[in-house]
Amino acid sequence: MADQPHILTGFHFTKATLASFSERCRIIGHMDSPTPTVADIPAGTAATVQAIVSTGSVGISDAMMAALPRLSLFCCYGTGYERVDLEAARRRNIMVTHGADANAPDVAELAVGILLASTRRLVRADKMIRHGEWKQRIPNRFGAIAGLTGGKVGILGLGAIGLEVARRLKGFDVEIGYCNRNKRSDVDFQYFRDVMALATWCDYLIVCLRSDASNRHIINAEVLKALGPRGHVVNISRGWAVDEAALADALRNDVIEGAALDVFDEEPYTGTELLELDKLVMTPHFGGGTQHAQRRMTDLVCRNLDNHFAGRPVVSPVPEFREWASSPEAPKPR
């Protein structure tokens, strides 16, 4: 339809998701680059683009916003928005939305899964059988594995995902502690004011932080040393939260026992250092890649598109834009 809003996509969405977008918008182009620039804007579209649906890890720069005079909405498909220039978006009157807690249950599910894979050495055990190395009825290659039962799990960031992780861990008979910007009144878990205190206390550290540049390399060599030789760290937030060089060094030198990453500083990961670490479990940033999460995130983006282009407040603005989104000064379609 000629009167449908014009949008660009910056992520490889499923056919079903694209069909949902097409019911309410006209998709006039796609940007394939993981780090798009003005040159990646499809030819002939810049003057009419009104919204972009992409991811926070792809993001959008000030220069790209300047090249799209009618852009008034940027929808992040997923929770993160770390590569969206929020200062430029506010200055240029562009609303930014994100997936809020749409994929929280699914990401939490993976967090527990890869924690178990790390602590129970599932990947290494699988390789042992596949490579014909299972020579004894009860293998002693791994020694006595501690397991989760009776352990202490520290959750760094008790937001929507962190809470879902805690819910799932309650059945494992573990003690749960957390570090958050503020102490929560709705949980009875032990609270720690800083990550060093949390790492010193816990056996297993799960990183569930929001995407914020201030959290870059919050998991560094000092934190890993505090976690200790029986410790495991899991990251399902954003890759830049973990200093990958420090993690590799800690695993090589038995500073910690194991780790699991679903996210990386640069994605896709094309390095070699992490691939050489037998104690590291890796998955390709697919915590929110379930059918359930995809449906919820697609629905949320569609609701944001519908509301914005109908002149109503968007449903899930990024936290920094919440007050603005519900004010009379909120961006209007152009």
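The values are calculated or read from the model by the stated rules, or taken from the named source; none is laboratory data. Given the structure is predicted, the values throughout are model-derived calculations rather than measurements. Don't worry about glycine lacking a Cβ; one is built from the backbone with ideal geometry, like all the others, and counts go over all protein chains shown.
The rows are residues; the columns are (1) surrounded by 21 or more Cβ atoms within 10 Å (Cβ to Cβ); (2) in contact with a strand residue (DSSP E or B) (Cβ under 9 Å, 6 or more places away or on another chain); (3) farther than 22 Å from Ala325 by Cβ; (4) among the hydrophobic types (A, V, I, L, M, F, W, C).
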| site | (1), (2), (3), (4) |
| --- | --- |
| Asp32 | no, no, yes, no |
| Asp40 | no, no, yes, no |
| Thr45 | no, yes, yes, no |
| Ala51 | yes, yes, no, yes |
| Phe74 | yes, yes, no, yes |
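To keep it simple, each residue is scored yes or no on (1) among the polar types (S, T, N, Q); (2) more than 16 Å from Ser72 (Cα to Cα); (3) modelled with pLDDT of 95 or more; (4) in the same structural domain as Asp265 (by TED's automatic domain parsing).
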{"residue": "Phe11", "(1), (2), (3), (4)": "no, yes, no, no"}
{"residue": "Ala19", "(1), (2), (3), (4)": "no, yes, yes, no"}
{"residue": "Ser22", "(1), (2), (3), (4)": "yes, yes, yes, no"}
{"residue": "Ile27", "(1), (2), (3), (4)": "no, no, yes, no"}
{"residue": "Asp40", "(1), (2), (3), (4)": "no, yes, yes, no"}
{"residue": "Ala43", "(1), (2), (3), (4)": "no, yes, yes, no"}
{"residue": "Gln50", "(1), (2), (3), (4)": "yes, no, yes, no"}
{"residue": "Val53", "(1), (2), (3), (4)": "no, no, yes, no"}
{"residue": "Gly56", "(1), (2), (3), (4)": "no, yes, no, no"}
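Cβ-Cβ distance below 7 Å, separation of 6 or more or different chains: which pairs start in the range 128-154 with a residue that is within 30 Å of Phe189 (Cβ to Cβ) and end on one that is exposed (fewer than 12 other Cβ atoms within 10 Å of the Cβ) and among the acidic types (Asp, Glu)?
Thr149/Asp173; Gly150/Asp173
Name the residues in the range 237-289 that are within 16 Å of the chain's Cα centre (by Cα), surrounded by fewer than 21 Cβ atoms within 10 Å (Cβ to Cβ) and of a type in the set (Ser, Thr, Tyr), would you?
Across the range 237-289, the qualifying residues are Tyr269, Thr283.
Scan the range 63-89 residue by residue and report those that are at pLDDT below 95, in contact with a Phe, Trp or Tyr (Cβ under 9 Å, 6 or more places away or on another chain) and over 18 Å from Thr37 (Cβ atoms).
Result: Gly78, Tyr81.
Examine the range 182-195 for a residue that is among the small types (Gly, Ala, Ser) and over 24 Å from the mean Cα position of the chain (by Cα), and state whether such a residue exists.
Yes, the range 182-195 has at least one match.
Which of the numbered conditions does Arg70 fail, given that it passes all the others? Conditions: (1) in contact (Cβ under 8 Å) with a residue 60 or more places away in the chain; (2) basic (Lys, Arg); (3) more than 30 Å from Gln50 (Cα to Cα).
Unmet condition: (3).
Listed here are the residues, each with its yes/no results for (1) more than 15 Å from Ile206 (Cα to Cα); (2) surrounded by 22 or more Cβ atoms within 10 Å (Cβ to Cβ).
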position: Leu86; (1), (2): yes, no
position: His98; (1), (2): yes, yes
position: Lys127; (1), (2): yes, no
position: Arg141; (1), (2): yes, no
position: Leu156; (1), (2): no, yes
position: Ile161; (1), (2): no, yes
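Limited to the range 290-334, what total is found for residues that are surrounded by 20 or more Cβ atoms within 10 Å (Cβ to Cβ), under 25 Å from the mean Cα position of the chain (by Cα) and not in a helix (DSSP H, G or I)?
The number of residues fulfilling the criteria is 4.
Of everything in the range 272-289, what is of a type in the set (Val, Ile, Thr) and either in contact with a Ser or Thr (Cβ under 7 Å, 6 or more places away or on another chain) or at pLDDT below 95 (or both)? Give them in sequence order.
Matches in the range 272-289: Val281 only.
Which of the residues belonging to the range 51-67 are in contact (Cβ under 8 Å) with a residue 60 or more places away in the chain and either in contact with a helix residue (DSSP H, G or I) (Cβ under 7 Å, 6 or more places away or on another chain) or among the charged types (D, E, K, R) (or both)?
Ala51, Val53
Among residues belonging to the range 196-229 that are closer than 14 Å to Ala241 by Cα and among the small types (Gly, Ala, Ser), point out the one that is nearest to the chain's Cα centre (by Cα).
The qualifying residue nearest to the chain's Cα centre (by Cα) is Ser211.
On the basis of being in contact with a strand residue (DSSP E or B) (Cβ under 9 Å, 6 or more places away or on another chain), closer than 30 Å to Asp306 by Cα and β-branched (Val, Ile, Thr), does Thr97 make the cut?
yes
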